[in-house]
Amino acid sequence: MTEDAQDSRGFRLTRRRLILGGTLLGGALLVGYGVARPMDVAGAILSGGGTDPEESPFGAFIRIDLEGWVTVVNKQQELGQGIHAGMAAMIAEELDADWDRVKVVEARSNFRAYGVQITAGSNAIATNWDAMRNAGAAARSMFVNAAALRWDVEPDAIEVRDGVVSHPASQQSASFAELLVEASRQTPPQVPVLKTAEQYRLIGTDRVRRKDSQPKSNGSLIYTQDVQRPNMLVAMVAHSPRFGGRLARFDDSDALKVPGVVEVFAIDTGVAVLAETTYAAKLGRDALRLEWDDTEAETRSTADLVAYYHDIAAGNGGIGSADFATMGEDPDAPLTGDMVEFSFDFPYLAHAPMETMDCVAEVNGFDVSISSGAHLASLDQVMAAFTARTIPGRVDLEVLPAGGSFGRRGVMTADYLVECVRIAQRVQGRPVKLMWTREDEMRAGFYRPMSHHRVWVEMGADGFPARWRFHSVCQALTPVGDNIQATEGITHSPYFSTARTVAGKIFSPRFPVPVGFWRSVGASHTALVMEHVIDQLARRAGQDPAAYRRSLFEKAGDDRRIAVLDELMEKSGWSTPIEAGWSRGMAISEAFGTIVGQVAEVRLEGGRPVVRRVVAVVDCGIAVAPDQITAQMEGSIGFGLSAALFGAVTLKDGYVQETNFDTYPVVRMNEMPAVETHIIKSTNRPTGMGEPGVPPIAPAVANAILALTGTPTTALPFLSGAAATNAGFSMRG
Amino acid sequence: MVYAVRVNGSLHKVEADGQTPLLWVLRDTLGLTGTKYGCGIAQCGACTVHVDGQPMRSCSLPIEFVGSAEVTTIEAIDDPIATAVQQAWVARDVPQCGFCQSGQVMSAVALLRAMPSPSDSDIDTAMSGNICRCATYNRIRAAIHDAAATLRGEAV
Amino acid sequence: MTRRSDRPRRRRFRIARIFGIAGLLVVAAIGLGLVYLLYPRPVLQSEPIAVETLYAQLESLQPVSAFDTIVEPRLRSVALFEEVGRVLQSPRCMNCHPATDRPTQTEAMWPHMPWVSRGLDGGGEANMRCTTCHQAQNAEASGVPGNAKWSLAPIEMAWQGKSLGDICRQLLDPARSHMTREELLHHMAEDDLVGWAWNPGGGRQPAPGTQDEFGALVAAWLETGAQCPQ
């Protein structure tokens, strides 16, 4: 450390107190005011720290220019799911814009302008369905009114199509561009009239296509990793190799000798190395000498944790439980008669998006400027403000498209973003790009939690379940509240339709391995539990698994699932024979209101499941962007299959063993099955599509293996260790 | 050390440690950010560039071994094969998050140069070094067939 | 800007009026909480830590002289080859002498990731050539090993799954090894592709001994009649 640095630290401490005092006073005042005028205050503190977006007469989400281009401001984050196309389509449909002259720009984080910006839980289409259509319809009526005034005709007689306003009776027409000035003077209607589903010309058609394929095919799209700012430093952080370990001592003397390394300092998550280039930062970090205090660290191995979970499920873990899915009279009475027991173990899973965690931040006193693929933008803005000891309104958060996330960038504590702000705060006035290596990302936790599910079913004389009991063990994803995510997919199962009682107990152990939201969350494990149990019960009852499901769905009055099942049976050729050595497995699950059924065609090659084709049926309400629904189904199946076949993060004495794609294999082109997606026609409100395609693939494969060999699956992944890396080359058969 | 590297048709003098991966020279020094860091150990293919026309993982290519070879990045591929591949990518809406696609396109272009009419299994073989976590593989395969057909003068 | 500076005064006024004492207590509690949350904590400074020299667990080879005690020439030759075999059967050599078209990697000799196949020339298939990832030398940053001649041994020289005796007979059969005994000696003792086994980089365990010691053992084995174990 140079003397300069020490001086500036002394100064910072004084200023920090100042900031602290200011923040406290401001915070206290805002809390007081907030009780009186909550939305005003929320708007003020969560608005963008930079300039507010340009005013548009058509509201926050629509801008129209004199060349007739409609620019849709997308408040949700684009992380591959094609949400920008869905958001734009909802607006363009009601606006009757020309889809080929619709552009999309990403909104910065700004509560006052756009409301809450959280992209999670496959919610973007569902939660914006009304707001975006209303915005489009309101703008449309402004053009209609403007035309009616200009031509002196009745607004009702005016039509709008592909960005052209016309009055057929008088054969007059004008483009949005021609009417722009007059339209922008119109008052938008309080309650715009919306189209009915039958009137859609754009929504639900193949014309709704994503608009970013070109910049994503020629390398010109800028992700966080690509952000370059003048005078920028690249930071890497040496983290504790064990969860819960704390930095005890560090020596940066060798690191500072690396050419290009500018500064090294400790932060609460480890030791930050700042350099002029990424490689210098990496070399500098490699040259650190570090000692860690592991007194509070997790030092167990995966086998210990599995044994611990089994103890907990048996009631010997010394931790309490909460009830879920309880129904019927005296559900806790012992199960009797014809009873079946099942046990399932699921590993930790890393998200491993192609773009590792990264963030660019600059702190100047109270002002923070961030560029990041932040998918909980509103929350990230608050977290950044807390870290920099300022108010969220002084945080300018540019939301960039992310190179995947699958939930990793949706960590509620915004771990990587907070880390970047913390570093930028120390180097005041210089932009910092925090870069995590793949190994950093794989070792940092926030995994899909490992879990153990024990299921007992008392069978009725009719061959259907009469009583269910569950003991589930899974870390909670949220610091407070019931651990509902761990059992979602079980809790409201339609398979309980024949049951007299259901009793579920969820045990939520707490230890230092951080867990998080992973594409499809709880359903990523509970779907296997329910769907694989049902197949085994069907076989026990001597029934076809599809027919068995149908009976249970009928008893539950679940028409949506019945429709999915019927379509799935037809499109997969369920009732037709399949070649020797192959079998079909079925699974139907619900996540975030969307129901997905899949049939996988599987054979075993030296014990390895080979999946050649998956037929998928989805009911996601009104299909806004069918091509993106298909894309999400393909992607979800590849993602879910990666986890089912090979996915596992394991610990040895607390150290993460899988740190890159060589030890954490994912499905590659040769292992990708053909996917056929069928969308159920629906007039229901749309539900999400980013995640619900993931859960059914693992049970579909497990059920196919069950049909082939009679052997049930009790743990995922199907393959581990050397077997996982031994991807044969005839995978698709 | 100062190295003279030929990138996208022009000569650049770069001062760097000899073991610096070409990837970071391209991204940090030359500002060519289309080539991505994905794994750093030649597992994922996101950093694929052409070195004398051959696909190579730039994360595993120390600058001192580049020598006088001609490096081409995603920013500068513009022959008919590259154009056909990129057009097919857009026509099929291959990308989802898009982060791996620079590498996928670079590998696909190299494949079609070596093999004008690849079969499904040729494509699987040639493209299995490129990971896509969004699993856009089926569209990639279809787009490569489309590009091959276009280059043969067939309508897609 | 003027609006901003006006506001707090108005707000403070309201708080007092709206909440009275209870409200102010809540605000104070929140304030104290924030003090606790935001109070600067001490930051560790760099301090000298002694460099720990890590001595790799290197395996050594017995020198040729160690076999002088074996009088019977055939037995001595076999014993020499068994010592040679400790190198041949190390993962550094075996990984590129696979029994299939796909090499293995790591100490555990797992199948090579990503998938690669020998191709027509042992140098890989189109787009997935050895040189797509492997350079003329080890690459430090990626840990990917390298050599200018990096490639698979021909399938007829597969060693994996074979006994040491079979490997020995295979070596001596020019139809399979494509080498005369002189060429064999040269390959073992001087070829820098083989020499890579003692400089594998990336934290890999080198083959036992040194290439010179290995070469001497091979030479001694050939001189003693190149006898093979069963």
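No lab work stands behind these numbers, since they all come straight from the coordinates. Since the model is a prediction, treat every value here as computed from it, not as a measurement. For neighbour counting, all protein chains shown are included, and Cβ atoms are generated from backbone atoms with ideal geometry for every residue, glycine included.
Summing Lys and Arg as +1 and Asp and Glu as -1 over all other residues whose Cβ lies under 11 Å from the Cβ of A:Ala377 gives a net charge of 0. Per-residue Karplus couplings for the range A:389-395, computed as 6.51 cos²θ - 1.76 cosθ + 1.60 with θ equal to phi - 60°, are listed in order as 6, 9, 9, x, x, 9, 9 Hz, Gly and Pro entered as x. About the centre of its Cα atoms, the range A:62-217 shows a dipole size close to 600 debye [charges on the beta carbon of Lys, Arg (+1) and Asp, Glu (-1) only; nearest 20 debye].
The simple Förster model, with R0 at 51 Å and r as the Cβ-Cβ distance, assigns B:Lys13 and A:Phe511 a FRET efficiency of 0.45.
Applying both filters, DSSP loop and at most 12 other Cβ atoms within 10 Å, to the GluC sites (Glu not before Pro) of the range C:93-172 gives C:Glu107. Any idea which of A:Tyr416, B:Gly153, C:Trp110 is furthest toward the positive side of the dipole for the protein assembly as shown, if Lys and Arg beta-carbons carry +1 and Asp and Glu beta-carbons -1? The listed residue farthest towards the positive side: A:Tyr416.
Mean sequence separation of contacting Cα pairs (under 8 Å, at least six apart), scaled by the length of chain A, corresponds to a relative contact order of 14 percent. Among the residues of B:111-124, the average count of other protein chain beta-carbon atoms within 10 Å of the residue beta-carbon is 3. Amide H to amide H distances under 5 Å link A:Arg613 with A:Glu601, A:Ala674, where only residues 5 or more positions off or on other chains count and H is placed in the peptide plane.
Over the residues of chain A, the helix contribution to mean residue ellipticity at 222 nm works out to -10000 deg cm²/dmol, using -39500 (n - 2.57) for each DSSP H run of at least 4. Taking other C-beta atoms within 10 Å as the exposure proxy, B:His50, B:His12, A:His492 rank A:His492, B:His12, B:His50 from fewest upward. For a modelled paramagnetic label at C:Glu107, 7 Å from Cα along Cα-to-Cβ, the residues of the range A:644-676 in reach, with backbone nitrogen under 16 Å, are A:652-653, A:657-658. Which one of B:Val7, B:Gln19, B:Pro62 has its Cα pushed farthest toward the positive end of the charge dipole of the range B:1-70, where Lys and Arg give +1 and Asp and Glu give -1 at the Cβ? Most positive-ward Cα: B:Val7. In loop segments of the range A:563-654 as defined by DSSP, the GluC sites (Glu not before Pro) with at most 11 further C-beta atoms inside 10 Å of their C-beta are A:Glu579. Between B:Ile77, B:Ile41, B:Ile63, the Gaussian network model of chain B with springs among Cα atoms under 10 angstrom shows the greatest mean-square fluctuation at B:Ile41.
Straight Cα distances below 16 angstrom link A:Lys571 to the aspartates and glutamates A:Glu601, A:Asp619, A:Glu676, with same-chain residues fewer than 8 positions distant left out. For the range A:536-592, the dipole from Cβ point charges (+1 on Lys and Arg, -1 on Asp and Glu) about the Cα centre works out to 240 debye, to the nearest 20.
The range B:103-149 and the range C:99-133 have Cα centres spaced 19 Å apart.
The phi-based Karplus calculation (6.51 cos²θ - 1.76 cosθ + 1.60; θ = phi - 60°) puts the 3J(HN,Hα) values of the range A:56-71 at 10, x, 9, x, 6, 9, 10, 10, 10, 10, 6, 8, x, 6, 9, 9 Hz, whole numbers, x for Gly and Pro.
Taking other C-beta atoms within 10 angstrom as a stand-in for reagent exposure, C:His97, C:His178, C:His134 fall in the order C:His178, C:His97, C:His134, fewest first.
Scanning residues 5 or more positions from A:Arg500 or on other chains, those with amide H under 5 Å from its amide H are A:Arg467, with H placed 1.01 Å from N in the peptide plane. Label separation (A:Asp345 vs A:Asp462): 3.7 nm, computed from points 7 Å beyond Cα along the C-beta direction. Of the residues B:Ser102, B:Tyr137, B:Met127, the one whose Cα sits farthest towards the positive end of the charge dipole of the range B:80-151 is B:Ser102 (charges of +1 on Lys and Arg Cβ, -1 on Asp and Glu Cβ, taken about the Cα centre).
A straight Cα-to-Cα reach below 20 Å connects A:Lys211 with the lysines A:Lys75, A:Lys103, residues fewer than 8 places away in its own chain not being considered. Here the Karplus relation 6.51 cos²θ - 1.76 cosθ + 1.60, evaluated at θ = phi - 60°, turns the backbone of the range A:336-346 into coupling constants of 10, x, 7, 10, 10, 10, 10, 9, 9, 10, 10 Hz, with x for every Gly and Pro. Evaluated with a Cβ-only charge set (Lys, Arg +1; Asp, Glu -1), the range C:86-230 carries a dipole of roughly 400 debye about its Cα centre, given to the nearest 20. For C:Val43 and C:Ala219, the difference between the fully extended length at 0.36 nm per residue and the C-alpha to C-alpha distance is 57.2 nm.
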